[in-house]
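First comes the structure, then the notes that go with it.
The values are calculated or read from the model by the stated rules, or taken from the named source; none is laboratory data. Bear in mind that the values here come from a model prediction, so they are computed numbers and not experimental data. For neighbour counting, all protein chains shown are included, and Cβ atoms are generated from backbone atoms with ideal geometry for every residue, glycine included.
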Amino acid sequence: MSEFRLGKRSLSELNGVHSDLVKVVKRAIEITVQDFSVHDGIRTLEEQKKLVERGASQTLASRHISGHAVDLVPYINGKLRWEWVPIYNIAEAVRLAAKENDIPIRWGGAWDILLTESDDATEDLVTDYVARRRKAGKRAFIDGPHFELPKAIYPDKPKPGE
């Protein structure tokens, strides 16, 4: 059991996020060796457009818009830090929490597999993902803080009138 807890801002970022993902995040903070903050839960389409324009995201069809994704950023010495070793630790806690709850998770460190279906070290998952993309002649987009429920199992909510 870790000494870390989600703060008020993190909890507010979870408002509207799918309950299975909230369950995973809340369990992950209890077992992690690395403190983290929920940097992003729900996003509006306008917020997503700005992120795509800046190159921080590659799609307007983000799972954040439907409440199926969160960004968990390491919290170190009172600051949010985008550093890989702490991100790997968070990914491991998310994987363990998701497995405990039998909830599949897709991770932005290795988009083409489910984090919960591998036992490989998280840093190896990133390295292997980049190698697979290169072999396919494609560039790897890596978003280590990003965790989402897979669309095949958790489809987006239909919009009113659809």
If only one of VAL126, VAL70, VAL94, VAL85 is within 16 Å of the chain's Cα centre (by Cα) and either modelled with pLDDT under 95 or in a strand (DSSP E or B) (or both), which one is it?
VAL70
Please go through segment 104-123 and give me each residue that is in contact (Cβ under 8 Å) with a residue 24 or more places away in the chain and either assigned to a helix (DSSP H, G or I) or among the aliphatic types (A, V, I, L, M) (or both), ordered by number.
ILE105, LEU114, LEU115, ALA121, THR122, GLU123
The condition of being out of contact with any strand residue (DSSP E or B) (no Cβ under 7 Å at 6 or more places or on another chain) and touching a residue at least 60 places away in the same chain (Cβ under 8 Å) holds, among ASN101, ASN77, only for ASN101
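TYR129 - would you say it is of a type in the set (Phe, Trp, Tyr), on the phi < 0 side of the Ramachandran plot and out of contact with any His (no Cβ under 7 Å at 6 or more places or on another chain)?
It is true that TYR129 is of a type in the set (Phe, Trp, Tyr), on the phi < 0 side of the Ramachandran plot and out of contact with any His (no Cβ under 7 Å at 6 or more places or on another chain).
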Filter segment 39-93 down to residues that are hydrophobic (A, V, I, L, M, F, W, C), in contact with a Ser or Thr (Cβ under 9 Å, 6 or more places away or on another chain) and closer than 18 Å to ALA28 by Cβ and give me whichever is surrounded by the fewest Cβ atoms within 10 Å (Cβ to Cβ).
LEU80
Hits in segment 116-149 - residues which are within 20 Å of ALA28 (Cα to Cα) and exposed (fewer than 15 other Cβ atoms within 10 Å of the Cβ)
GLU117, ASP119, ASP120, ALA121
